[in-house]
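Worksheet: one structure, shown below.
None of the figures in this text is laboratory data; all of them are computed from the coordinates on show. These numbers come from a predicted model, not from an experiment. Backbone-built Cβ (ideal geometry, glycine too); neighbour counts: all protein chains shown.
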Amino acid sequence: MSQNYANHKRFYPLFHFVTVPLVAVGLSLAVYSFFAIPTIITGLIVLAFILIGLVGIFARTFALKAQDRAARAEEKLRYFILAGKPLSAELKLGQILALRFASDEEYLALVDKAVAEKLSSDEIKKAIKNWRGDYHRI
């Protein structure tokens, strides 16, 4: 299926729909157990679930930050190749990440419009006519 504005957001089912709910349920049961039978063991189980949740959040955040850095570098190079000059420093990361979906034919004009009109990332995505899918980002 080709990617477009309506279906470009991606989920990893094992993480989003299995792991996260299981950690939430486990934490809820651990907190309930701690208040029902307050012992060091039940307290340590609560702490363990909190740490598991934090590790999951940090792992996801760190991976997304790495992907953002790579995508920003790719778009700066792409702009330089197409325009022969550096990408405007006025663009925020969200705008740059939104521009990656634009085809080469409309990219330069859309960058100029995004800078001039201070378009949000969502407005940029909606303005794209020829969608260029990003099938590697999660």
**Prompt:** Going by the conditions given, is K125 of a type in the set (K, R) and over 21 Å from the mean Cα position of the chain (by Cα)?
**Reply:** no
**Asked** Which one of these does A63 not meet: (1) under 30 Å from L22 (Cβ atoms); (2) of a type outside the set (S, T, N, Q); (3) more than 22 Å from the chain's Cα centre (by Cα)?
**Response** (3)
**Request:** For K129, work out the one condition from (1) in contact with a strand residue (DSSP E or B) (Cβ under 9 Å, 6 or more places away or on another chain); (2) not in a loop (DSSP other than H, G, I, E, B) it doesn't fulfil.
**Result:** (2)
**Meets criteria (within 26 Å of the chain's Cα centre (by Cα), β-branched (V, I, T), under 30 Å from L93 (Cα atoms) and part of a helix (DSSP H, G or I)) for V20** = yes
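Is at least one residue of the stretch 84-91 part of a helix (DSSP H, G or I) and of a type in the set (G, A, S)?
Let us first name the residues in the stretch 84-91 that are part of a helix (DSSP H, G or I), namely none.
The answer is no; no qualifying residue exists.
Given the condition part of a loop (DSSP other than H, G, I, E, B) and free of Cβ contacts under 8 Å to residues at least 40 places away in the same chain, answer yes or no: does some residue in the stretch 53-60 qualify?
Of all residues in the stretch 53-60, those part of a loop (DSSP other than H, G, I, E, B) come to none.
No: zero hits.
Given the criterion surrounded by 14 or more Cβ atoms within 10 Å (Cβ to Cβ), free of Cβ contacts under 8 Å to residues at least 12 places away in the same chain and more than 27 Å from F15 (Cα to Cα), identify the matching residue among E117, E123, E75, E106. So that I can check it myself, show each step before the final result.
On the way: E117 fails: surrounded by 14 or more Cβ atoms within 10 Å (Cβ to Cβ); E75 fails: free of Cβ contacts under 8 Å to residues at least 12 places away in the same chain; E106 fails: free of Cβ contacts under 8 Å to residues at least 12 places away in the same chain.
Being surrounded by 14 or more Cβ atoms within 10 Å (Cβ to Cβ), free of Cβ contacts under 8 Å to residues at least 12 places away in the same chain and more than 27 Å from F15 (Cα to Cα) holds for just one of E117, E123, E75, E106, which is E123.
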**Asked** Could you give every pair whose Cβ atoms fall below 8 Å, whose first residue belongs to the stretch 89-100 and is within 11 Å of V111 (Cα to Cα), and whose second residue is hydroxyl-bearing (S, T, Y) and crowded, with 21+ Cβ neighbours inside 10 Å, counting only separations of at least 6 or pairs across chains?
**Response** L99/Y107
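Being assigned to a helix (DSSP H, G or I), out of contact with any His (no Cβ under 8 Å at 6 or more places or on another chain) and within 23 Å of K125 (Cα to Cα): is that true of F49 here?
On the way: assigned to a helix (DSSP H, G or I): yes; out of contact with any His (no Cβ under 8 Å at 6 or more places or on another chain): yes; within 23 Å of K125 (Cα to Cα): no.
It is false that F49 is assigned to a helix (DSSP H, G or I), out of contact with any His (no Cβ under 8 Å at 6 or more places or on another chain) and within 23 Å of K125 (Cα to Cα).
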